[in-house]
1. Looking only at segment 431-440, which residues are part of a loop (DSSP other than H, G, I, E, B) and among the hydrophobic types (A, V, I, L, M, F, W, C)?
2. When segment 395-416 is examined, which residues are found to be surrounded by 15 or more Cβ atoms within 10 Å (Cβ to Cβ) and of a type in the set (A, V, I, L, M)?
3. Somewhere in segment 526-537, is a residue surrounded by 15 or more Cβ atoms within 10 Å (Cβ to Cβ), outside the structural domain of Asp370 (by TED's automatic domain parsing), among the basic types (Lys, Arg) and over 26 Å from Lys326 (Cβ atoms)?
4. In segment 67-186, which helices (runs of 4 or more DSSP H) lie fully inside it and hold 3 or more residues that are under 26 Å from the mean Cα position of the chain (by Cα)?
5. Name every residue in segment 564-575 that is β-branched (Val, Ile, Thr) and either part of a loop (DSSP other than H, G, I, E, B) or touching a Ser or Thr at 6+ places or on another chain (Cβ under 8 Å) (or both), in order of residue number.
6. Go over the candidates Gly285, Gly309, Gly238 one by one and state the one that is small (Gly, Ala, Ser) and crowded, with 19+ Cβ neighbours inside 10 Å.
7. Under 7 Å by Cβ, and 6 or more places apart or on different chains, what pairs join a residue from segment 338-357 that is within 16 Å of Ser470 (Cα to Cα) with one that is among the small types (Gly, Ala, Ser) and in a helix (DSSP H, G or I)?
Amino acid sequence: MKEEPKYEYESDDIKEEYQSDSGSDYEQPKKKKKKKVTPRKNESVKKEPGETKKRKSTTTAGKSPTKKVKKEEKPEDPKWEWWNEDPDEKRRREEEGIKWTSLEHKGPFFPPEYERLPSGVKFKYNGEPMVLSDAAEEVMGFYAAMLRTDYVTDPVKSELFNKNFFSDWRKEMTDEERKKIKSLDKCDFTAVLEYFDEQREIKKGRSKEEKQEEKERNAKITEEYGFCMWDHHKEKIGNFRLEPPGLFRGRGEHPKMGKLKKRITANDIIINIAKGAEVPKPPPGQKWKEVRNDNKVTWLACWIENVQGQYKYIMLNANSRIKGEKDWLKYEKARKLKDIIDDVRRSYEADLQDKMMANRQRAVAMYFIDKLALRAGNEKDTDEAADTVGCCSLRVEHVKLHDEHVIDGERKQYVIEFDFLGKDSMRYHNYTQVTKRVYKNVRIFCENKNGEDELFDRLDTTKLNKHLNSIMDGLTAKVFRTYNASKTLQEQLDETTKADLSVAEYVLTYNNANRQVAVLCNHKRTAPKTFDDQMKKAEEKIEDKEEKIKEKKKEIKAAKKNGDDTTKKKAQLARLEDQLVKLKCAKTDREENKEIALGTSKLNYLDPRITVGWCKKWDVPIEKVYNKTQRDKFAWAIAMAGSDFSF
């Protein structure tokens, strides 16, 4: 087996469901469906006398006998406060590379096997119904479920998507099926899509009892497979459910979109568990590829996925000790860089004039990584088809030199235009002013080269990181990205936070600061299709609230004129005005986030102690900026950071 790369989450905010990259809406049909029990059109639910449509909560003892009593929830297991443990023991583990001393788990949870479509649901080829083999029908269903997506409807995307799908689909067909099905254009998936639509509506219309039954089944699965015993502590597993087969989508303009992601079996999976612990049972008729007892890695199971040939792992949830310690050390390393950053910059600025071309290329790359927060590059697998690059793997065609260029309405000298596909095939397009010396060096690097030639032909990430490590132990190009992101957030919060704001205004202030980091790190997203409708509804809500405020002010004015008490009406006005502020802040936030993703930087690049300290300083409830998943992930920071914390 080839050497396994170190695993790093791009996003630890993992949902406990099938982690489908394809995002397909296709679901396995159930054999039997219960009918939904609902009141008839004109039949109302009986109410208690005097009961309003919406019953307000009350703390009084007298409760209606028909009021539903909230089911008592199972108390949570006590949190493992690992950050309070002996630091000497922690240091010893780090030095020896030991991740755990005991590890037990049940292995991954496998998705259900494929169930054929009902006999009345027919796929057609050239107008004629056709019964497909199990494998061909399953893959056909993946495509049918995506007929309304951009991957099939968009003229540009669909060409590549259809080509990849049809090629992989034919590989799953029998010889007879391949002889007959030769053109995707002659395939008719309409009946299959209609069946999936029908099943989706049935699922939506299930009774509360049916939904509760499913919830309880999933809870039992999670309790059995979703936790492990790690050093005698119960730890949550991040992604214990194996992804079902489907069609690969990728992000951006990925060249492998539409290819088949095959079903994962136990024969593909390596299990990692403590020596002497009970080995998880594979599905009947299967056996694990290998069972290991390696306490110097953090994964519980791994396999190679078939589309890109990359390792996939089952690992602990983001709120685990091993993840928390890794985060803590990462941010401490970034803070350590802060103490020497001026010396580092003076060093690479001096190297811009070095006689050795390799040193000058390294200096320019460090400048880009430091000032523009570019990823180092050369990090992808060699067999990855997407033409994505980072700083060290930039080609001449990715940069253009402008002696002068207008940036934000101001004419600048020595401007470099960057245009390339970054991580996840997201486009990075930016005009940035650089120093004269950097500009001249880039011009020299481009001389006598074609567009496809490497800009830094005497540099790669290994050489760069070796040099950085000689400056500070453990320093890599990634640390610069974490440092600059955290520093930007701290500076933005310090500069823009004002006293005596509403909670909504404080949250908007925080999100604006976070947005600056997302822009710096090129954390983009595709604007939601419903964005315009959302904005229209938000504006309508604001207009409605403003009208109510006007009416309330008129009421107060009239009451004053009549000599009536206005205390209650003023309280109502204040509440309406507070609601208006919240609506306006939410609208502004939504507008600014149209094509910016705030979650990635918040989870992976921003020292959480900055956020926690800021919340404590300005009395902002932590749940207003961190959801529950994030609060669990950063429990160590919430416990550690005080209101005086500064990055």
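1. Quick first cut of segment 431-440, residues part of a loop (DSSP other than H, G, I, E, B) only: 434-435.
Across segment 431-440, the qualifying residue is only Val434.
2. Of everything in segment 395-416, those that are surrounded by 15 or more Cβ atoms within 10 Å (Cβ to Cβ) and of a type in the set (A, V, I, L, M) turn out to be Val396, Val399, Leu401, Val415, Ile416.
3. No: zero hits.
4. 150-153, 155-172
5. Thr566
6. After applying the criteria, what remains is Gly238.
7. Tyr348/Ala363; Asp351/Ala363
Results for (1) more than 26 Å from Arg335 (Cα to Cα); (2) at pLDDT 85 or above; (3) touching a Lys or Arg at 6+ places or on another chain (Cβ under 7 Å), shown as yes or no for each residue.
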| position | (1), (2), (3) |
| --- | --- |
| Asn484 | no, yes, no |
| Glu491 | no, yes, no |
| Lys498 | no, yes, no |
| Val503 | yes, yes, yes |
| Ala513 | no, yes, no |
| Val519 | no, no, no |
| His523 | no, no, no |
| Ala527 | yes, no, yes |
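The values are calculated or read from the model by the stated rules, or taken from the named source; none is laboratory data. Everything numeric in this text was worked out from a predicted model, so none of it was measured. For neighbour counting, all protein chains shown are included, and Cβ atoms are generated from backbone atoms with ideal geometry for every residue, glycine included.
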